[in-house]
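Student: The structure is given below, and queries will be raised subsequently.
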Amino acid sequence: MADIERLDTWVKYKNGLCDDCMGSCCSMPVEVRLPDLVRMGVVDEFELEEPIKNIAKRLEKQRLIQHFNFKRELFTLARRANGDCMHLDQKTRLCGIYERRPNTCRNHPKVGPKPGFCAYTRNPQKIAFHRNTTA
């Protein structure tokens, strides 16, 4: 079993590995940019004319982001108390906004703390869920 905090425990990524994973990568901090937030539906196109710091303040107040890096114009998405992404379904361990997910998630594990590797943790319930929904 991989430990998110210990990169030496991560496994080499291969196609299909996500099918029965706990969604371990969804417990890592996610940095996003404004286009990601628009795609996710938390920022409207018309808001892009506003100063970015105003957008950041609103999102922090709504607890949609945890942090904003003014220098790099990067937002860090808020997470649940257990560290999981707010968009991760707690029962299925699937992304609730998969089609609208940020680029950080789209590009994982090609990019990240250990490119080409992931913190794979097997989830036997996920396989049963997939079997029941595809049957």
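The values are calculated or read from the model by the stated rules, or taken from the named source; none is laboratory data. Quantities reported herein were computed from a predicted structural model and do not represent experimental measurements. Note that each Cβ is placed from the backbone with ideal geometry, even for glycine, and that neighbours are counted across all protein chains shown. We work out accessible area using only protein heavy atoms, side chains counted, and drop any ligands, DNA or RNA first. Shrake-Rupley method; radii C 1.70, N 1.55, O 1.52, S 1.80 Å.
Student: Which number in (1) within 17 Å of C118 (Cα to Cα); (2) in contact with a Lys or Arg (Cβ under 9 Å, 6 or more places away or on another chain) marks the one condition that N15 misses?
Tutor: (2)
Student: Right, something else. Tell me, please, whether a residue that is in contact with a strand residue (DSSP E or B) (Cβ under 6 Å, 6 or more places away or on another chain) and free of Cβ contacts under 8 Å to residues at least 40 places away in the same chain can be found in the range 40-56.
Tutor: Yes, the range 40-56 contains a residue that is in contact with a strand residue (DSSP E or B) (Cβ under 6 Å, 6 or more places away or on another chain) and free of Cβ contacts under 8 Å to residues at least 40 places away in the same chain.
Student: Right, here's the next one. Report yes if some residue within the range 44-67 is in contact with a helix residue (DSSP H, G or I) (Cβ under 7 Å, 6 or more places away or on another chain), part of a loop (DSSP other than H, G, I, E, B) and either buried (at least 18 other Cβ atoms within 10 Å of the Cβ) or of a type in the set (F, W, Y) (or both); otherwise report no.
Tutor: Looking for residues that are in contact with a helix residue (DSSP H, G or I) (Cβ under 7 Å, 6 or more places away or on another chain), part of a loop (DSSP other than H, G, I, E, B) and either buried (at least 18 other Cβ atoms within 10 Å of the Cβ) or of a type in the set (F, W, Y) (or both), one finds none in the range 44-67, hence no.
Student: Does R33 satisfy being touching a residue at least 40 places away in the same chain (Cβ under 8 Å), open to solvent by 80 Å² or more (accessible area, probe 1.4 Å), closer than 27 Å to W10 by Cα and within 17 Å of the chain's Cα centre (by Cα)?
Tutor: When the stated conditions are applied, R33 passes them.
Student: Across the range 1-51, which residue is modelled with the highest pLDDT among those that are over 18 Å from H67 (Cβ atoms) and of a type in the set (G, A, S)?
Tutor: Across the range 1-51, the extreme among qualifying residues is G41.
Student: Does at least one position in the range 100-118 carry a residue that is outside any helix (DSSP H, G or I), crowded, with 17+ Cβ neighbours inside 10 Å, among the β-branched types (V, I, T) and without any contact (Cβ under 8 Å) to a residue 40 or more places away in the chain?
Tutor: No: the range 100-118 contains no residue that is outside any helix (DSSP H, G or I), crowded, with 17+ Cβ neighbours inside 10 Å, among the β-branched types (V, I, T) and without any contact (Cβ under 8 Å) to a residue 40 or more places away in the chain.
Student: Got a number for residues in the range 17-30 being open to solvent by less than 50 Å² (accessible area, probe 1.4 Å) and in a helix (DSSP H, G or I)?
Tutor: Going through the range 17-30 one residue at a time, the tally reaches 5.
Student: Moving on. Of the residues that make up the range 72-83, is at least one acidic (D, E) and over 21 Å from L17 (Cβ atoms)?
Tutor: Yes, because at least one residue in the range 72-83 is acidic (D, E) and over 21 Å from L17 (Cβ atoms).
Student: So, one more: Go through the residues of the range 76-86 one by one and say whether even a single one is buried (at least 17 other Cβ atoms within 10 Å of the Cβ) and β-branched (V, I, T).
Tutor: No - not one qualifying residue is present in the range 76-86.
Student: What are the pairs, 6+ residues apart or on separate chains, where a residue within the range 1-30 that is within 9 Å of T121 (Cα to Cα) has its Cβ under 6 Å from a residue that is modelled with pLDDT of 90 or more and part of a loop (DSSP other than H, G, I, E, B)?
Tutor: Hits for this filter: A2/W10; A2/A119; A2/Y120; C21/Y120; S24/A119.
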